[in-house]
1. Out of 26, 40, 35, 51, report the one residue that is within 19 Å of the chain's Cα centre (by Cα), under 16 Å from residue 185 (Cα atoms) and of a type outside the set (D, E, K, R).
2. Show me the helices (runs of 4 or more DSSP H) entirely contained within the stretch 140-215 in which 2 or more residues are among the charged types (D, E, K, R).
3. How many residues does the stretch 161-206 contain that are farther than 23 Å from residue 127 by Cβ, surrounded by 12 or more Cβ atoms within 10 Å (Cβ to Cβ) and of a type in the set (Lys, Arg)?
4. Could we say that residue 182 is out of contact with any Cys (no Cβ under 9 Å at 6 or more places or on another chain) and within 30 Å of residue 112 (Cα to Cα) here?
5. Anything in the stretch 5-34 that is of a type in the set (S, T, N, Q) and in contact with a strand residue (DSSP E or B) (Cβ under 8 Å, 6 or more places away or on another chain)? List them, or say none.
6. Test residue 61 against the stated conditions and say whether it is without any contact (Cβ under 8 Å) to a residue 24 or more places away in the chain and more than 19 Å from residue 258 (Cα to Cα).
7. Which numbered condition in (1) without any contact (Cβ under 8 Å) to a residue 40 or more places away in the chain; (2) surrounded by fewer than 21 Cβ atoms within 10 Å (Cβ to Cβ); (3) not aromatic (Phe, Trp, Tyr) is the only one that residue 237 fails?
8. Inspect the stretch 30-40 for any residue being in contact with a Ser or Thr (Cβ under 8 Å, 6 or more places away or on another chain), of a type in the set (Ser, Thr, Tyr) and at pLDDT 95 or above and give the result as yes or no.
Amino acid sequence: MEKQIEIASKKIFYTLSGNGKPVMLVHGFGETGAVWKKQVAFLKDSFQLIVPDLPGSGQSEMIDDMSMEGMAEILKLILDKEEISKVSMVGHSMGGYITLAFAKKYSHYLTAFGLFHSSAYTDSEEKKATRKKGIEFIRQHGTFEFLKSTTPNLFSPFSKEQKPQLINEFIRSLGNFSAISLVSYYEAMMQRPDNTLLLKTTALPILFVLGEYDNAVPLQDGLRLSHLPEKSYIHILHQSGHMGMLEEEEKSNHLLKKFLLET
């Protein structure tokens with residue numbers, strides 16, 4: 001079921017499906033909530049799935065505060081509208097940064113949370129430089145050319161060789177982003193704080209899904225982070241880069257279900 005809320009005259013869209021324990025799935029940069037469609041189809045018989053299009057993605061309009069914290073507030077407003085006071089939240093990539101911002105302020109809403117190819121580290125200077133180059137490319141060549149050129153790097157060598165159609169289909173779905181939204185995401189990611197202290201101090205169970213060939217969130221960084229929380233669930237997808245929910249759909253489905261059932 002597609003739903004929407006309005007914040008300061010800006011419309012935010014999300015889908016609600018399934019029954020059971022509430023779970024919110026938060027997409028990443030250059031994606032929409034549709035990136036989780038295979039997981040929603042698999043999990044909806046066991047859980048109530050809330051899947052937003054983040055501000056500036058899909059049908060959702062940009063908001064005044066496009067920081068990680070500002071977008072975390074949107075997630076809270078959606079939960080409040082649905083009268084959900086306890087939820088498990090899983091964020092992919094940038095969605096994981098937003099999940100951490102949510103956990104930092106609204107941990108009492110969470111039963112557990114997950115970082116799906118995501119990180120609690122702040123951007124390194126090298127990463128910031130790469131994002132700045134990306135911003136210049138977006139401004140010169142547009143969003144689709146940028147996403148078309150960078151997206152293949154998110155997939156593993158195995159996926160490029162064995163599943164080229166999957167990658168091409170995903171690229172074809174990336175057509176509706178404005179330059180200002182992608183630039184806003186990059187600027188917000190460069191400004192986000194280090195959240196490793198949150199991982200060290202939270203009592204919440206945390207899921208870490210890591211891709212062996214992830215160039216965006218290197219495996220070793222993820223493994224270092226996974227040892228910080230009191231209770232971690234760690235899964236390595238050995239044939240994935242940064243897009244495990246697509247590259248290893250079945251494994252992703254089952255590890256998510258197991259984590260959500262156990263926590």
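1. Working: 40 fails: under 16 Å from residue 185 (Cα atoms); 35 fails: under 16 Å from residue 185 (Cα atoms); 51 fails: under 16 Å from residue 185 (Cα atoms).
Step by step, each of 26, 40, 35, 51 is checked, and only 26 is within 19 Å of the chain's Cα centre (by Cα), under 16 Å from residue 185 (Cα atoms) and of a type outside the set (D, E, K, R).
2. Details: elements: 143-150, 157-162, 164-172, 179-191, 196-201.
Helices (runs of 4 or more DSSP H) meeting the threshold: 143-150, 157-162, 164-172.
3. Total meeting the criteria: 1.
4. Yes; evaluated as a whole, the condition is true for this residue.
5. Here is the first cut: in the stretch 5-34, the ones of a type in the set (S, T, N, Q) are 9, 15, 17, 19, 32.
Correct list: 15, 17, 19.
6. Details: without any contact (Cβ under 8 Å) to a residue 24 or more places away in the chain: no; more than 19 Å from residue 258 (Cα to Cα): yes.
Against the criterion (without any contact (Cβ under 8 Å) to a residue 24 or more places away in the chain and more than 19 Å from residue 258 (Cα to Cα)), residue 61 does not qualify.
7. (2)
8. Yes: the stretch 30-40 contains one or more residues that are in contact with a Ser or Thr (Cβ under 8 Å, 6 or more places away or on another chain), of a type in the set (Ser, Thr, Tyr) and at pLDDT 95 or above.
The values are calculated or read from the model by the stated rules, or taken from the named source; none is laboratory data. All values derive from a computational prediction rather than experimental measurement. Backbone-built Cβ (ideal geometry, glycine too); neighbour counts: all protein chains shown.
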